[in-house]
Amino acid sequence: MSAETPAVTGQFTRRRLQFRAWRGTRPFWAGLFVLLGGFPIMYFPYAHLQLGHLTLAMATTAGAGSLIIGVLLVVLGISLWFQKHIRVFAGVAAILLALVSIPVSNFGGFVMGFLLALIGGAMAVAWAEGVPPAREDAGQAGPVRGGAPEAAPGPVADGPVPAGPAVDPASGGGPSQAFEALGENDLSGTSPANGANGRQSAG
């Protein structure tokens, strides 16, 4: 085992990850299917198959049309790799060329080229580029719309606030009869906050 093996392995892994990232940003498989569909369509009209001592020629009068359809499918497949913004046009064109190849090119390259071009064109039309999820900083994110309003900041006490009656310091620390003020709009005259202690004054 040579010392260069880890470096070669790391470089291969890096190249593979780069290719996978490049492949994920474009309709790669759609272009591959369309590209492969063009070869049977333009090959079979010019092929000569040997069956024993019998030479079978499948050339037809529409051989030029088969060659044109096959070349166009190959060009559309490569265009899907490098010009992804024309995916809809290329996909529709591949589907139409696949349909035309049925009567023109030996049933679409014995159906193989027809199916490959048809599937690749449909994949190209249906392909959509993925959107990476946006990362938001939790500290910079504002309040959620529709959520509960945040409480207004107020003075923070050093300890827990007692829930019982207030303590009167003049009475030696005992409980006082005065409670929390009911508000500035209290007009009853009997509020402990008005100094009446719940009774009307005599004078």
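Numbers for the structure displayed
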{"item": "Candidate set from region 6-42 (those that are open to solvent by 50 Å² or more (accessible area, probe 1.4 Å) and under 13 Å from Ala117 (Cα atoms)); member that is nearest to the chain's Cα centre (by Cα)", "result": "Trp29"}
{"item": "Top-ranked residue in region 75-94 [being crowded, with 19+ Cβ neighbours inside 10 Å and not small (Gly, Ala, Ser); ranked as nearest to the chain's Cα centre (by Cα)]", "result": "Arg87"}
{"item": "Pairs, first free of Cβ contacts under 8 Å to residues at least 60 places away in the same chain in region 38-50, second assigned to a helix (DSSP H, G or I) and surrounded by 14 or more Cβ atoms within 10 Å (Cβ to Cβ), C-beta under 7 Å, six or more apart", "result": "Tyr46/Gly63"}
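The values are calculated or read from the model by the stated rules, or taken from the named source; none is laboratory data. Please read these numbers as outputs of a predicted model, since none were measured by experiment. Neighbour counts run over all protein chains shown; Cβ positions are idealised from the backbone, glycine included. For accessibility, only protein heavy atoms count, side chains too; no ligands or nucleic acids. Shrake-Rupley method; radii C 1.70, N 1.55, O 1.52, S 1.80 Å.
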